[in-house]
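Input: a single structure, listed below in structure tokens.
The values are calculated or read from the model by the stated rules, or taken from the named source; none is laboratory data. Keep in mind it's a predicted model, so treat the numbers as computed, not measured. Cβ atoms come from the backbone with ideal geometry, glycine included; neighbour counts cover every protein chain shown. With ligands, DNA and RNA removed, areas are computed over all heavy atoms of the protein, side chains included. Shrake-Rupley method; radii C 1.70, N 1.55, O 1.52, S 1.80 Å.
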Amino acid sequence: MWKRLKDWKTRLSYFLQNSSSPGKPKNGKKSKQQTFIKPSPEEAQLWSEAFDELLASKYGLAAFRAFLKSEFCEENIEFWLACEDFKKTKSPQKLSSKARKIYTDFIEKEAPKEINIDFQTKTLIAQNIQEVTSGCFTTAQKRVYSLMENNSYPRFLESEFYQDLCKKPQIATEPHAT
């Protein structure tokens, strides 16, 4: 059990250092390295109040991603994040290319990160990307969100790693000599 927890912490540490999050430069421009500060137990406890609280925290999101990776289902959060980025895209050309990338990465049969959605939703998306709009993936994104919220999120909250984050540090007291 300790080895599993240690592996979890190692993965999270590695993930936080090598995260491909929006703060990292993609075009060779120098920018400040994104740093993550371990949350206080109180902040970590907020994540249990609502799934959106977890997703709104950079550290919480990174911890959840590492947890999903340990459960071999990180494609769900990756898809959800790709859809969030997609919805913010203004350029029609970029919107179209991002839609194709999301489709080939997550939706089409045998996609490298294929998400688990029903056939009707896949068919709807295939039709939607013929004339791309920012809502092409809304139905699938809502289903994946619901899946994470109802399945992965409760398991994350029960995980030893999350429970450790919520513990207040114990202050060691030395016995006084009399």
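Couple of notes before you dig in:
- With the highest mean first, a sort of the peptides 92-103, 56-67 on other beta-carbon atoms found within 10 angstrom per residue produces 56-67, 92-103.
- Site pair Asp52 and Lys167 shows an inter-label distance of 3.2 nm when each label is modelled 7 Å from Cα along Cα→Cβ.
- Each residue of region 48-57 was assigned a 3J(HN,Hα) from its phi angle through the Karplus curve 6.51 cos²θ - 1.76 cosθ + 1.60 (θ = phi - 60°); the sequence is 7, 6, 7, 4, 4, 4, 5, 5, 7, 8 Hz, with glycine and proline shown as x.
- Each residue of region 108-121 was assigned a 3J(HN,Hα) from its phi angle through the Karplus curve 6.51 cos²θ - 1.76 cosθ + 1.60 (θ = phi - 60°); the sequence is 4, 4, 6, 4, x, 10, 4, 8, 8, 10, 6, 4, 4, 5 Hz, with glycine and proline shown as x.
- A simple spin-label model places the labels of Gln127 and Thr89 2.2 nm from each other, with each point 7 Å out along Cα-to-Cβ.
- Applying a threshold of 31 Å to the alpha-carbon distances of Lys98/Lys167; Lys38/Lys109; Lys38/Lys88; Lys101/Lys167; Lys98/Lys168; Lys38/Lys142 flags Lys98/Lys167; Lys38/Lys109; Lys101/Lys167; Lys98/Lys168 as lying beyond it.
- Of the residues Thr138, Thr121, ranked by 1.4 Å probe accessible area with the largest first, the sequence reads Thr138, Thr121.
- With a Förster radius of 30 Å applied to the C-beta separation of Thr138 and Glu110, the computed FRET efficiency comes to 0.80.
- At most 16 other Cβ within 10 Å, DSSP loop - GluC sites (Glu not before Pro), region 77-116: Glu108, Glu110, Glu114
- Region 38-166, accessible surface, carbon-and-sulfur percent (1.4 angstrom probe): 50
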